[in-house]
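Participant: So that we are looking at the same thing, I have put the structure below in structure tokens.
Nothing in this text is a laboratory measurement; each read-out follows from the coordinates by a stated rule. The shown structure was predicted, so the numbers you read here are calculated from the model rather than taken from an experiment. We place every Cβ from the backbone using ideal geometry, glycine too, and count neighbours over all the protein chains shown.
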Amino acid sequence: PDLKDEYILELLRWADGFRELGVYANADYPRDAKKARELGAEGIGLCRTEHMFFETDRLPHVQRMILARSDAERDEALAALLPFQREDFLGLFRTMDGQPVTIRLIDPPLHEFLPNHDGLLHDVTELETRLELLKGKPEAEGLEERLARKRRLLEAVESMRETNPMLGLRGVRLGIHLPALVRMQVRAIFEAACQCTRDGVRVFPKVMIPLIAHSNELHVEKELLEAEARAVMKEQGVKVAYQLGTMIEIPRAALTADQLAEEAEFFSFGTNDLTQTTYGISRDDAETGFLSEYLQKRILPENPFATLDQRGVGSLMELAVKLGRGARPKLNIGICGEHGGDPRTIAFCHRLGLDYVSCSPFRVPIARLAAAHAALRSET
Ligand code: PEP
Ligand code: MG
């Protein structure tokens, strides 16, 4: 819609008076958050913190952290990353002043931050050949050092290779494997939140843990997180109200949502991973090659990544809402997978009694209308 058109703005304001679902946006940077607010978002439902790690000024520190050969080396790299992350969160909190900001701890497998394996192998082979040809000549000197560096990197990448990285060391598993990384992220969130509070900016951080399958994982990560949050608030002499929650994106999480709700104050459905794990179809391969051809055959009535499968994935969501609210009646529940901006999914979320949907900033106006539509339809 043309958001300069007075009629459209009036229609959206009118829709806001009817809808029961909150409309949040997925935003990783202050510029996205600003856009989201302009389009009427009432909070950030997902900040994928890993995106910040790919920025060119941080990537060398991230790689140093991954390749560190001692805790001291790792801590040094994490200390270099901390000010960047603090700035990231300061920007988000300031932009969203007074609205909730859901920050998800780092999710993807770490090898994604390292150079590609095949490219490295190619570089090593090429350097070896060139060195062989230049043997004994002065030009060989610098090349030897480069080769040694590339070999170290290749070795590290090979040691981290997994057959199924999307089912490997990612999400909460990564956090439990590298607690210092979680502590750095939590420190950055709370240092930024304390500073905002001192500056008169109202902050409401919601810290979210990805890829939880078992309540024990949530328990371990929560203790780590709360201890760091407490330590920062004590150092800074500021108290910040926050919430701690979990993504529901693995079928087991939905099936045991009552246990998770004992630890979590909010749930957010990650329907991208939940669809992948419910169907057993790789989300990364669904748009290309054999799997995309397969999905086009329409044996499955719809591409479940494009259209929420209300019967399968939706049943897991329904169960999670029922179990979760059974254990914690005030449990706050939303959705932040790609489906969260789709009007049919929004109508479904309304029927399930979710508190909010979160979608890309540009879909926020459509989501506001769809949420109102769903509320009006259920009245008639
Ligand atoms: C999801 O899985 O739906 C989700 C929002 O997380 P991501 O897409 O980052 O895995
Ligand atoms: Mg996910």
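Participant: Treating only the Cβ of Lys, Arg, Asp and Glu as charged (+1, +1, -1, -1), what charge dipole size does segment 69-115 show about its Cα centre? Round to the nearest 20 debye.
Facilitator: 120 debye
Participant: Now for a different question. In segment 141-234, what GluC sites (Glu not before Pro) fall in a loop by DSSP, with at most 15 other Cβ atoms inside 10 Å?
Facilitator: E162
Participant: Moving to a separate point now. Rg(Cα) of segment 11-83 divided by 2.2 N^0.38 Å?
Facilitator: 1.66
Participant: Something else: Here are some pairs, K4/K35; K35/K222; K34/K234; K34/K330; K34/K206; which of them have Cα atoms lying more than 25 Å apart in this structure?
Facilitator: From the list (K4/K35; K35/K222; K34/K234; K34/K330; K34/K206), the Cα-Cα distance tops 25 Å for K35/K222; K34/K234; K34/K330.
Participant: For segment 11-122, build the charge dipole from Cβ charges (+1 Lys, Arg; -1 Asp, Glu) around the Cα centre, then report which of A27, P115, I103 sits farthest towards its positive end.
Facilitator: With unit charges placed on the Cβ atoms, the residue in question is A27.
Participant: Moving on to the next point. Using +1 at the C-beta of Lys and Arg and -1 at the C-beta of Asp and Glu, which of I281, G270, Q296 has the Cα lying farthest in the positive direction of the dipole of segment 263-309?
Facilitator: Most positive-ward Cα: Q296.
Participant: Which residues does a label at I176 reach in segment 188-218, if reach means a backbone N under 15 Å from a point 7 Å past the Cα toward the Cβ?
Facilitator: Counting backbone N atoms under 15 Å from the label point, the list is 209-218.
Participant: Provide H117, H177 in ascending order of the number of other Cβ atoms located within 10 Å of each residue's Cβ, fewest first.
Facilitator: H177, H117
Participant: Could you tell me what fraction of 2.2 N^0.38 Å the Cα radius of gyration of the chain comes to, as a two-decimal ratio?
Facilitator: 1.09
Participant: Helix-derived [θ] at 222 nm for the chain: sum -39500 (n - 2.57) over DSSP H runs of at least 4, divide by residue count, nearest 500?
Facilitator: -18000 deg cm²/dmol
Participant: Give the dimensionless ratio obtained when the Cα radius of gyration of segment 117-186 is divided by 2.2 N^0.38 Å.
Facilitator: Relative to the rule-of-thumb radius for its length, segment 117-186 sits at 1.60.
Participant: While we're on this one: Over the Cα atoms of segment 63-198, what Rg and Dmax result, in angstrom?
Facilitator: My reading of the Cα-based Rg and Dmax gives 19.8, 67 Å.
Participant: Can you figure out the FRET efficiency of E132 with F290, using R₀ = 35 Å and their beta-carbon distance, to the nearest 0.05?
Facilitator: Plugging the Cβ-Cβ distance into 1/(1 + (r/R0)^6) gives 0.30.
Participant: Using the count of nearby Cβ atoms within 10 Å as a rough guide to exposure, how do F290, F348 rank from fewest to most?
Facilitator: F290, F348
Participant: Further question: When only alpha-carbon atoms count, how far does segment 292-361 stretch along each of its three principal axes, as whole angstroms with the largest first?
Facilitator: Ordered largest first, segment 292-361 gives principal extents of 43, 28, 16 Å.
Participant: What size of dipole, in debye to the nearest 20, comes out for the chain about its Cα centre when the only charges are +1 on Lys and Arg C-beta atoms and -1 on Asp and Glu C-beta atoms?
Facilitator: Charge dipole, the chain, about its Cα centre: 760 debye, nearest 20.
Participant: Among S70, S358, what is the fewest-to-most ranking by other Cβ atoms within 10 Å?
Facilitator: Ordered from fewest to most neighbouring Cβ atoms within 10 Å, S70, S358 come out as S70, S358.
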